[in-house]
Amino acid sequence: MIEDTLDITTRAGAMETFVCRPERGGPFPPVFMLMDAPGIRDELRDMARRLATIGYVLLPNLYYRAGRDTMYGPDVLT
């Protein structure tokens with residue numbers, strides 16, 4: 001398994017994206033995995049790794065405008 005965190009350039013800044021893929025040659029299907037409300041966390045990275053056994057997985061941080069590694073939880077409103 002090959003994994004990396006890349007910055008994808010957008011008009012609003014760099015979007016941190018977790019990318020993983022199989023080590024062997026393809027062709028493999030691409031998987032664009034979207035995070036849920038709390039943000040990117042270990043559970044989502046583990047799901048991406050499982051999917052990456054059969055394809056290329058991109059897991060972008062959709063909260064990139066709020067900063068790197070941004071996560072929200074039950075206390076977000078306090």
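The values are calculated or read from the model by the stated rules, or taken from the named source; none is laboratory data. For clarity, every value in this text was computed on a predicted model and none was experimentally measured. In this analysis, Cβ positions are derived from the backbone assuming ideal geometry, glycine residues included, and neighbour counts consider all displayed protein chains. Please note that ligands, DNA and RNA were not included when accessible areas were found on the heavy atoms of the full protein model with its side chains. Shrake-Rupley method; radii C 1.70, N 1.55, O 1.52, S 1.80 Å.
Below are the figures for this structure:
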quantity	calculated
All positions within the stretch 62-78 that are loosely packed, with under 10 Cβ neighbours inside 10 Å and either in contact with a His (Cβ under 8 Å, 6 or more places away or on another chain) or modelled with pLDDT of 85 or more (or both)	none
Residues of the stretch 51-61 satisfying the condition of being touching a strand residue (DSSP E or B) at 6+ places or on another chain (Cβ under 8 Å) and open to solvent by 30 Å² or more (accessible area, probe 1.4 Å)	L51, Y56, L58
Extreme residue, modelled with the lowest pLDDT, among residues of the stretch 24-50 that are closer than 14 Å to I2 by Cβ and open to solvent by 70 Å² or more (accessible area, probe 1.4 Å)	R24
Selected residue (criterion: surrounded by the most Cβ atoms within 10 Å (Cβ to Cβ)) from residues of the stretch 2-22 that are over 14 Å from R68 (Cα atoms) and in contact with a strand residue (DSSP E or B) (Cβ under 6 Å, 6 or more places away or on another chain)	C20
Pair list, Cβ under 7 Å, 6 or more apart: the stretch 41-64 residue in contact (Cβ under 8 Å) with a residue 24 or more places away in the chain, other residue polar (S, T, N, Q) and assigned to a loop (DSSP other than H, G, I, E, B)	N61/T70; Y63/T70
Considering residues of the stretch 34-51 that are among the hydrophobic types (A, V, I, L, M, F, W, C) and touching a Phe, Trp or Tyr at 6+ places or on another chain (Cβ under 9 Å) only, the residue farthest from T70 (Cα to Cα)	A48
